[in-house]
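Trainee: Sharing a structure, written as structure tokens. Questions coming.
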Amino acid sequence: MTATAGRGPTGVPSTTAAAVAAAAELLATARDVTLVAHVQPDADSLGSALALGIVAARRGATVRVSFASPAQPPESLRPLDALGLLVAPEAVPAAPELLVMCDTAAPERLGSLADRLVTARSSLLIDHHASNPGFGDVRILDPSAEATVVLVHRLLAEMGAPVDRPVATCLYAGLVTDTVGFRTAGPAAHRMAAELLEAGVDVEAVLRPISDDHPFTWFDDLAGILHAATLDVTAAGGHGLVSAVVPAAVMGRHRVEEVDGVVDLLRTASEADVAAVLKQVGPRRWSVSMRSRTVDVATAAVTLGGGGHPRAAGVTLDGDPDEVLARLRAALTAAG
Ligand code: AMP
Ligand code: MN
Ligand code: MN
């Protein structure tokens with residue numbers, strides 16, 4: 001078989017530019033579009049899905065946006081759904097006409113919706129995780145992009161779709177959070193942010209609910225979590241590890257907006273390059289969030305069955321907290 005320009009031997013577009021062009025064509029012709037975010041959706045996955053969903057809906061397609069779990073999106077991200085496109089996973093068709101998977105590092109990150117990758121008539125992946133093996137008919141997969149919304153922005157330009165305030169707000173939410181407040185954003189991402197602000201994004205209205213708005217009752221539990229935090233300066237090849245545990249009882253009392261902020265406090269510890277938060281999601285099951293300054297935590301996460309980016313990664317592990325920490329330390333020693 002001879003590969004046509006921009007296509008690999010399997011027929012999957014082989015460059016980002018070719019994939020963006022193929023994706024624009026898919027979206028231009030689809031009458032019914034299902035966009036999915038990863039489980040425990042963040043602003044990048046949900047913002048990407050909703051921005052594209054808003055554009056597709058305005059073009060007359062039947063559109064739904066969903067994710068497998070939890071039952072409700074984070075409260076802080078609900079305002080992004082300006083057109084009311086979010087539906088429960090049960091409302092996703094058994095065989096979607098076009099399935100668009102946003103910010104999903106692996107099919108398993110779709111949770112119970114992963115089977116739609118098999119049944120969909122066509123599928124489009126838009127992602128920026130280096131650990132992504134690549135899946136779907138058309139793959140906009142670029143680890144050099146700071147966020148998936150950067151790739152969505154590029155796709156919208158290819159489609160000739162105007163980026164107005166509701167769309168820009170979705171894109172900005174993903175951009176500002178995945179770049180940790182533009183710390184990891186390059187010049188092009190800053191130019192994109194400028195364009196989004198010109199489209200009318202209200203930065204404070206986007207950011208305050210996501211990271212700067214906690215009930216007073218959180219402070220007491222947060223104090224307990226930080227009080228019990230541990231520092232191991234010998235871990236991660238001598239780069240240091242600071243870790244904390246969020247027990248299920250505390251998880252049950254607070255929203256994801258509170259719990260997910262813990263790692264952003266831990267990572268400020270001067271003595272540790274790596275921060276890890278063990279969030280209890282089952283009797284012996286822990287969702288681990290890792291952040292680092294220099295150590296490649298994505299490699300450590302992949303070793304353990306998770307994924308992510310060099311400076312922000314995650315994995316789900318079973319055992320008691322000491323066992324989970326020992327496995328983390330072993331993986332970080334290898335990566336450090
Ligand atoms: P978090 O700590 O949940 O904010 O996740 C940090 C980064 O790691 C994000 O890019 C996630 O998409 C990624 N990530 C978290 N958990 C997993 C997992 N179990 N598998 C693959 N990637 C993950
Ligand atoms: Mn994400
Ligand atoms: Mn992302």
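The values are calculated or read from the model by the stated rules, or taken from the named source; none is laboratory data. Keep in mind that this is a model prediction, so the values were computed, not measured. Positions of Cβ are generated from backbone atoms using ideal geometry, with glycine treated the same way; all protein chains shown enter the neighbour counts. Keep in mind that these areas ignore ligands, DNA and RNA; they rest on the heavy atoms of the full protein, side chains included. Shrake-Rupley method; radii C 1.70, N 1.55, O 1.52, S 1.80 Å.
Trainee: From the list Val87, Val100, Val92, which one is modelled with pLDDT of 95 or more, open to solvent by 30 Å² or more (accessible area, probe 1.4 Å) and of a type in the set (Val, Ile, Thr)?
Mentor: Val87
Trainee: Take the residues of the range 292-305 that are surrounded by 22 or more Cβ atoms within 10 Å (Cβ to Cβ) and away from ligand 3 (no atom under 16 Å from the Cβ): which is nearest to Val259 (Cα to Cα)?
Mentor: Ser292
Trainee: Further question: Inspect all residues belonging to the range 150-157 and state whether any of them is under 20 Å from Thr16 (Cα atoms), open to solvent by 50 Å² or more (accessible area, probe 1.4 Å) and in the same structural domain as Ala51 (by TED's automatic domain parsing).
Mentor: Looking for residues that are under 20 Å from Thr16 (Cα atoms), open to solvent by 50 Å² or more (accessible area, probe 1.4 Å) and in the same structural domain as Ala51 (by TED's automatic domain parsing), one finds at least one in the range 150-157, hence yes.
Trainee: Here's something else I'd like to know. Restricting to the range 58-69, and then to whatever is of a type outside the set (Ser, Thr, Tyr) and under 20 Å from Ala94 (Cα atoms), can you tell me which residue is surrounded by the most Cβ atoms within 10 Å (Cβ to Cβ)?
Mentor: Once the filter is applied, the top-ranked residue is Val65.
Trainee: With (1) open to solvent by less than 20 Å² (accessible area, probe 1.4 Å); (2) more than 12 Å from Leu325 (Cα to Cα) as the list, and Met251 as the residue in question, which single condition is left unmet?
Mentor: The number of the failed condition is (1).
Trainee: Which count do you get for residues in the range 306-333 that are more than 16 Å from ligand 3 (Cβ to nearest atom), open to solvent by 70 Å² or more (accessible area, probe 1.4 Å) and either in contact (Cβ under 8 Å) with a residue 12 or more places away in the chain or of a type in the set (Gly, Ala, Ser) (or both)?
Mentor: Here the count works out to 5.
Trainee: Kindly list the number of the only condition in (1) more than 26 Å from Val277 (Cβ to Cβ); (2) open to solvent by 70 Å² or more (accessible area, probe 1.4 Å); (3) in contact (Cβ under 8 Å) with a residue 24 or more places away in the chain that fails for Leu231.
Mentor: (1) is the only condition that Leu231 fails.
Trainee: Does Val245 count as in contact with a strand residue (DSSP E or B) (Cβ under 9 Å, 6 or more places away or on another chain), aliphatic (A, V, I, L, M) and open to solvent by 50 Å² or more (accessible area, probe 1.4 Å)?
Mentor: Taking the combined requirement at face value, the residue satisfies it.
Trainee: Can you tell me which residues in the range 107-136 are open to solvent by 10 Å² or more (accessible area, probe 1.4 Å) and within 13 Å of ligand 3 (Cβ to nearest atom)?
Mentor: Answer for the range 107-136, where residues must be open to solvent by 10 Å² or more (accessible area, probe 1.4 Å) and within 13 Å of ligand 3 (Cβ to nearest atom): Arg109, His129, Ala130, Ser131, Asn132.
Trainee: A further question follows. Give me a count of the residues in the range 201-220 that are in contact (Cβ under 8 Å) with a residue 24 or more places away in the chain and either open to solvent by 30 Å² or more (accessible area, probe 1.4 Å) or within 15 Å of ligand 2 (Cβ to nearest atom) (or both).
Mentor: 11
Trainee: To continue, here is another question. Condition first: within 14 Å of ligand 3 (Cβ to nearest atom) and without any contact (Cβ under 8 Å) to a residue 24 or more places away in the chain. Now tell me which residues in the range 20-53 satisfy that.
Mentor: Result: no residue meets the conditions.
Trainee: Given the conditions (1) away from ligand 3 (no atom under 16 Å from the Cβ); (2) open to solvent by less than 30 Å² (accessible area, probe 1.4 Å); (3) among the hydroxyl-bearing types (Ser, Thr, Tyr), which single one is not true for Ser289?
Mentor: All conditions are met except number (1).
Trainee: Then there is this: In the set Pro89, Pro73, Pro96, which member is away from ligand 1 (no atom under 16 Å from the Cβ), within 19 Å of the chain's Cα centre (by Cα) and not aliphatic (A, V, I, L, M)?
Mentor: After ruling out the rest, the residue left standing is Pro89.
Trainee: Further, regarding this structure: Within the range 5-53, take every residue that is buried (at least 24 other Cβ atoms within 10 Å of the Cβ) and farther than 19 Å from Thr179 by Cβ and give me the one that is farthest from ligand 1 (Cβ to nearest atom).
Mentor: Looking at the filtered set, the residue picked out is Val33.
Trainee: For the range 47-78, which positions are in a loop (DSSP other than H, G, I, E, B) and of a type outside the set (Gly, Ala, Ser)?
Mentor: Result: Arg59, Phe67, Pro70, Gln72, Pro73, Pro74.
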